[in-house]
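The values are calculated or read from the model by the stated rules, or taken from the named source; none is laboratory data. Computed from a predicted model, the values in this text were never measured in an experiment. Cβ placement follows ideal geometry from the backbone for every residue including glycine, while neighbour counts extend to all protein chains displayed.
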Amino acid sequence: MTNNIKEENNNSSIMMKPNKTRDIIEKIVETIFFLCAMVSVVSVIAIIVFVFYKGVAPFVGNNAYSFFDFISGVKWDPNHNEYGVFYMIVASILATIGAIIIGVPIGLLTAVFIAEIAPKSLVNIVKPGVELLAGIPSVIYGAFGLGVIVPLINKISPEPQGQSLLAVICVLTIMILPTIISLSEATLKAVPNSYREASLGLGASKTQTIFRAVIPAAKSGILSATVLGIGRAIGETMAVMMIAGNPIGGIPMSIWDKVRPLTTNIAMEMSYASGRHQEMLFATGVILFAFIMIVNITLIKITSKAGEK
Amino acid sequence: MSNEVSKFSVQELDLYYSNFQALKKINMEIQEKEITAFIGPSGCGKSTFLKTINRMNDLVEGVKVDGKIYLDGVDIYKDIDVIKLRSRVGMVFQQPNPFPMSIYDNVAYGPRIHGIKKKSVLDEIVEKSLRQAAIWDEVKDKLKKSARAVSGGQQQRICIARTLAVEPEVILMDEPTSALDPISTLKIEDLAVELKEQYTIIIVTHNMQQASRISDKTAFFLTGEVIEYGKTEQIFNTPKNKKTEDYITGRFG
Amino acid sequence: MNSRKLKDSILQGLIYFSAAFTIFILTVIIGFILYKGVPGINLHFLTRQWEEKTTFVRVDKVAEPKDSDKEGYVSSLDITLKKDKEGNLYISKIGSDSSLDSAVDMLGQSFKVKSDDKLSKVDSNDLSELSVADAVKMINQSQDNMRLKITRPGGGIVPMLVSTIYIILLSLVIAAPIGILSAIYLNEYAKPGKILNAIRFAIQNLAGIPSIIYGLFGMLIFVQYFGMGYSILAGALTLSIILLPTIISTTEEALKAIPQTYRESSLGLGATKLQTNYKIILPNALPGILVAIILSIGRIVGESAALMLTAGTVAQIPTAITGNEAGAATLTIKLYMLMKEEGDIATACSIAIILLALIIVLNITSKVITRRFLKKQGI
């Protein structure tokens, strides 16, 4: 190199000439990187387009199925060309609400325990525990639901079976716990210490400080944790499929009733469905997708708002 | 001093960060094999100007440059090779920032990216550069150790060696001693004076004693303008401008 | 003052209760799985095929039959026979002279008989009703070149383990480069603006889509449209999309943690952007990238809904990447099938133990890497 540079110095203006080949290579590489980044965009668009394309098909053209019958129907009987998903929508919503009502408070308080109260020795037990919960595959939760929760419910239920809305709520509650806990903990930790000091300085007790100063300051993070929890609960499939009972119709009237959430409807029948039946499962996917989009956009809104602050 | 050669010639240089004008109508001739110091209060544009000289400002979003900077008569904001420009105009930063690799690999980084693979050649360059940076004796036994495991002053001299290894003609130093203790600072200053035998050095500093100790020329910046530029002795002893006088006598800044 | 104290204690009680509840649930789940699953875990479970497989083979006698005092020893073949608990005759030991490891199946392919294989017929003589001694006699009386009915026992998870590993490798080969390069683009190249916003919006949305929707998409596009059938490639392609958000965001975090001055110094020394990325950025982001890959492996190991619709439910070792030979049930899918279709909780829980062990190992590995990395940064 010594020689190269010395030589080129003799004629400064030649040396400063742009290196076209190298610049082109740099540009090509940047383009490759860009194309990789576009894979995500293309994937989202492709998923939306194809799922919708298949899912809208049964409602258009000759011999179209009434969309109103689909969305308001309470019976799913492919053999008799009956495709109603209203009772599934109700099941999905009820199961999600149930899991959120129980799971969010428990998750939040566990996060408070980890972030605010627990001595280090206990944190070292609870935190890896939560991480393990987060990593457990959903089929194992399903196995646990079917092997433990369903038989327990069966003992106390007025209905003949243990598979029920209640079982679904129990398992979903457990499944959203790690999401709620780890996200809430992160936001609680991000609350500046000055808030705590100010509150304690005003004579508030530690508990008051947590509930009056720290949690309100972490509100938006807790909210996005909740929304993520909703997303996870509404989209969960395999665990729920094992414990829901999956009836062919009927709006659940009590927590002991069997239910058939949207996700399980798709997963149960997809492998052998064809023709209209298959398209109707995609249509179920479209409804599920609509819910997920609402959740996603809410989440993006919340996080970007929090970012602005 | 009669046969002064202009290394850089800056003409009517304006620089904007989106809407904010950070540099206003800068005109300056910078001489070869001298130390030129830029002084001035924080935010006066001296560091910004330093970074326009090797086009490091290209990395900042929304920067616009008007006017001309000639390096040996070539306009560096025309259609030129920025990569080669930066090989000719090296830079030493405020914080010592060796890469998280061994001392040897740090110094060999530049030669390697410019295509030198032969071990014997690299060995030679590394030793020569470390000697030039006056740190060879302190690190010659731990070349394979992490460059981040030595003291701050040593790290900065390794960074200088890293810059020298590319064999630049100009070395830009952006407050190179602001993070260092007084003894390390003196070492770097001595080094700068030694290096000017071979290199053109431009140094940004907050420390006026430093400027007066080591530089041949001094430019005083204020709110994006060059208020006064001239021989260091003259700037410090008989400043022509009232603002310069106020600044060097410590009345503001 | 007293009511405040009461309120405080109630709230504190609730906090402790919640944390205890969380740990209690975890303990119950793990306890249940261990209780049901541990009895089924043994060497056979880990090393055998899932399905029993019967093969007819031809072997030659290696010695003239003679009586032996060792019970069950067949001198003509140099093997030892035993009966298992169910009364099936099996080969407990194959001697060094035996011709059984160079047997030939009916298609003329060589077939290595292993110890533990069950033996139920010699030529046309059924051995299953005979005592060990009678069976030995029957074999010794057979002609020099005899035909044996060999049944290799099943009940092991080898196919699911292999399928899971194949899908992990295939998914990572596809998703890791795309995800890492995406992250580098987003962090090192992209300028703020509409395109960057669109990419970020897409990634955020991908992260929120439930896996059953990915399954629908993968089934429609990869399984049906591209005609891959239920196959490990269809499964891996679907999983690759699922993994992208995790890989991108984890890698990006690592990139963000690299001090800006490293980039400036490298560029200031006359390195190009590509050289800087390759020599400075990538090596420094490596621990983060490793964590991203470990998280991805965890996700793949735990994934089920998307795989059920794309890779199928057959317990076999895939021998192709598309088509019928490539359909493969992973551990999770098999667990589900056992639980739901066969009601075999015990075996399902044995698989669950394997899954849990994998997850714990992955969790610890990523912790170790992160901790090492932090330590290194601390210098």
Quick check on the range C:28-78: of everything there that is surrounded by fewer than 17 Cβ atoms within 10 Å (Cβ to Cβ) and of a type in the set (F, W, Y), which residue is nearest to C:D134 (Cα to Cα)? C:F56
Taking first residues from the range C:98-112 that are surrounded by fewer than 11 Cβ atoms within 10 Å (Cβ to Cβ) and second residues anywhere that are not in a loop (DSSP other than H, G, I, E, B), the pairs with Cβ under 8 Å that are 6 or more apart or on different chains are C:S110/C:S102; C:S110/C:A103; C:S110/C:V104
Selected residue (only one of A:Y53, A:Y83, A:Y65 is over 30 Å from C:Y185 (Cα atoms), surrounded by fewer than 15 Cβ atoms within 10 Å (Cβ to Cβ) and of a type in the set (S, T, Y)): A:Y53
If you scan the range C:212-237, which residues turn out to be in contact (Cβ under 8 Å) with a residue 40 or more places away in the chain, outside any loop (DSSP other than H, G, I, E, B) and more than 7 Å from chain A (Cβ to nearest Cβ)? C:Y214, C:G215, C:G218, C:F222, C:V223, C:I232, C:L233, C:A234, C:G235, C:A236, C:L237
Identify, please: which residue in the range A:233-248 is more than 8 Å from every other protein chain (Cβ to nearest Cβ) and in contact with a Ser or Thr (Cβ under 7 Å, 6 or more places away or on another chain) and is, among those, farthest from A:A91 (Cα to Cα)? A:A239
With (1) more than 30 Å from C:M160 (Cβ to Cβ); (2) among the hydroxyl-bearing types (S, T, Y); (3) out of contact with any strand residue (DSSP E or B) (no Cβ under 9 Å at 6 or more places or on another chain) as the list, and C:T47 as the residue in question, which single condition is left unmet? (1)
Conditions: (1) modelled with pLDDT under 95; (2) within 12 Å of chain A (Cβ to nearest Cβ); (3) crowded, with 16+ Cβ neighbours inside 10 Å. C:G156 meets all but one. Number of the miss? (2)
Name, by its number, the condition in (1) at the interface with chain C (Cβ under 10 Å from one of its Cβ atoms); (2) modelled with pLDDT under 90 that does not hold for B:F99. (2)
Exactly one of these conditions fails for C:E341: (1) farther than 30 Å from C:L286 by Cα; (2) within 11 Å of chain A (Cβ to nearest Cβ); (3) surrounded by 14 or more Cβ atoms within 10 Å (Cβ to Cβ). Give me its number. (3)
Answer with yes or no whether C:A328 is part of a loop (DSSP other than H, G, I, E, B) and in contact with a Pro (Cβ under 7 Å, 6 or more places away or on another chain). yes
Do we have any residue at all in the range C:296-313 that's in the same structural domain as C:L267 (by TED's automatic domain parsing), over 22 Å from A:K127 (Cα atoms) and surrounded by fewer than 21 Cβ atoms within 10 Å (Cβ to Cβ)? yes
Would it be correct to say that C:L181 is in contact with a helix residue (DSSP H, G or I) (Cβ under 9 Å, 6 or more places away or on another chain) and free of Cβ contacts under 8 Å to residues at least 24 places away in the same chain? yes
Does A:I174 qualify as being closer than 21 Å to A:A244 by Cα and within 17 Å of the chain's Cα centre (by Cα)? yes
Only one of (1) at the interface with chain B (Cβ under 9 Å from one of its Cβ atoms); (2) part of a loop (DSSP other than H, G, I, E, B) is not met by C:I258, so which one is it? (1)
Sort through B:L186, B:L164 and tell me the only one that's within 12 Å of another protein chain (Cβ to nearest Cβ) and at pLDDT below 95. B:L164
Could you grab the pairs with beta carbons closer than 9 Å, sequence gap of 6+ or different chains, first residue in the range C:8-30 and touching a residue at least 40 places away in the same chain (Cβ under 8 Å) and more than 7 Å from chain A (Cβ to nearest Cβ), second one surrounded by 15 or more Cβ atoms within 10 Å (Cβ to Cβ) and in a helix (DSSP H, G or I)? C:I30/A:L132; C:I30/C:L356
Given A:E197, A:E131, A:E185, which one is surrounded by 23 or more Cβ atoms within 10 Å (Cβ to Cβ) and among the acidic types (D, E)? A:E185
Among the residues that make up the range B:134-150, is at least one of them more than 14 Å from every other protein chain (Cβ to nearest Cβ), part of a helix (DSSP H, G or I) and small (G, A, S)? no
Taking the condition of being away from chain C (no Cβ under 11 Å) and either assigned to a loop (DSSP other than H, G, I, E, B) or in contact with a helix residue (DSSP H, G or I) (Cβ under 7 Å, 6 or more places away or on another chain) (or both), how many residues in the range A:270-282 meet it? 4
Of all residues in the range B:65-80, which are closer than 23 Å to C:T272 by Cβ and loosely packed, with under 13 Cβ neighbours inside 10 Å? B:K78, B:D79
Helices (runs of 4 or more DSSP H) contained entirely in the range C:267-324, each with at least 3 residues that are closer than 27 Å to B:I171 by Cα: C:273-276
Flag for A:V42 being within 30 Å of C:Y214 (Cα to Cα), at pLDDT below 95 and at the interface with chain C (Cβ under 10 Å from one of its Cβ atoms): no
Which residue is farthest from A:P247 (Cα to Cα), if the candidates are limited to the range A:54-94 and must be in a helix (DSSP H, G or I) and aromatic (F, W, Y)? A:F59
Given the criteria assigned to a helix (DSSP H, G or I), away from chain A (no Cβ under 11 Å), surrounded by fewer than 23 Cβ atoms within 10 Å (Cβ to Cβ) and β-branched (V, I, T), does C:I168 qualify? yes
